[in-house]
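Colleague: Let me give you the structure first, and then I'll get to my questions.
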Amino acid sequence: MTATEWITDIALILIVFRQLREGRLDHKTFLLPLGIVAFVAYTYLDSVPTEGNDLVLIAALTAVGAALGVAGGVYTRIRALDGNLLIKAGAVSAVLWIVGMGARMGFQTWVEHGGGAGPVARFSLAHHITSQQAWVAAFVLMALTEVVTRVATIFIRSRRHRLAAARPAAALGRTA
């Protein structure tokens with residue numbers, strides 16, 4: 001793994017650790033992780049191979065990323081206080097985030113330095129995965145999907161909180 005890959009992966013993990021402490025839900029909550037994944041997509045997602053079972057691998061890992069992201073977003077607490085929304089990642093959300101981000105790092109480290117190149121090559125041959133780029137695309141899309149679905153889930157939940165908070169205020173305004 002390159003220094004840039006380590007820094008990017010660690011930055012994504014630190015985003016959730018930052019949210020273990022309750023803080024205000026604002027534009028940074030959404031823009032920082034989306035900015036990082038845009039950089040990752042631009043840097044590492046050159047192509048999406050479609051031969052053999054490459055798309056099956058990519059779809060499977062993308063689905064894993066989506067499941068981890070939605071679950072992580074659901075297990076992130078959002079509450080209203082003094083007209084602001086506060087966000088706090090719970091332990092489950094943090095663990096899911098680390099599992100998703102760490103899986104890619106662990107897999108890449110195992111393949112590059114831990115003797116995993118042979119088993120992955122044999123698995124790829126047996127399952128008609130045609131190239132190393134299929135694995136890269138699958139893990140990058142898994143991470144991107146986890147980030148995007150987590151952010152989207154938090155966004156949707158925050159909109160519901162804002163609407164719920166606005167209803168009682170609107171009802172009070174009409175009765176006066």
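Colleague: Answer yes or no: is there a residue in the range 112-131 that is open to solvent by less than 50 Å² (accessible area, probe 1.4 Å), touching a residue at least 60 places away in the same chain (Cβ under 8 Å), part of a loop (DSSP other than H, G, I, E, B) and small (Gly, Ala, Ser).
Modeller: yes
Colleague: Sticking with this one: Can you find a residue in the range 25-44 that is in contact (Cβ under 8 Å) with a residue 12 or more places away in the chain, under 30 Å from ALA164 (Cβ atoms) and more than 16 Å from the chain's Cα centre (by Cα)?
Modeller: Taking every residue of the range 25-44 in turn, at least one turns out to be in contact (Cβ under 8 Å) with a residue 12 or more places away in the chain, under 30 Å from ALA164 (Cβ atoms) and more than 16 Å from the chain's Cα centre (by Cα).
Colleague: Any residue at all in the range 29-47 that's among the charged types (D, E, K, R) and modelled with pLDDT under 90?
Modeller: Scanning the range 29-47 turns up at least one residue that is among the charged types (D, E, K, R) and modelled with pLDDT under 90.
The values are calculated or read from the model by the stated rules, or taken from the named source; none is laboratory data. Please read all numbers here as calculations on a predicted model, not as lab measurements. No Cβ is skipped: glycine too gets one built from the backbone with ideal geometry, and neighbour counts run over all protein chains shown. For the accessible areas, the whole protein counts, side chains as well, though only heavy atoms, and no ligand, DNA or RNA atoms are used. Shrake-Rupley method; radii C 1.70, N 1.55, O 1.52, S 1.80 Å.
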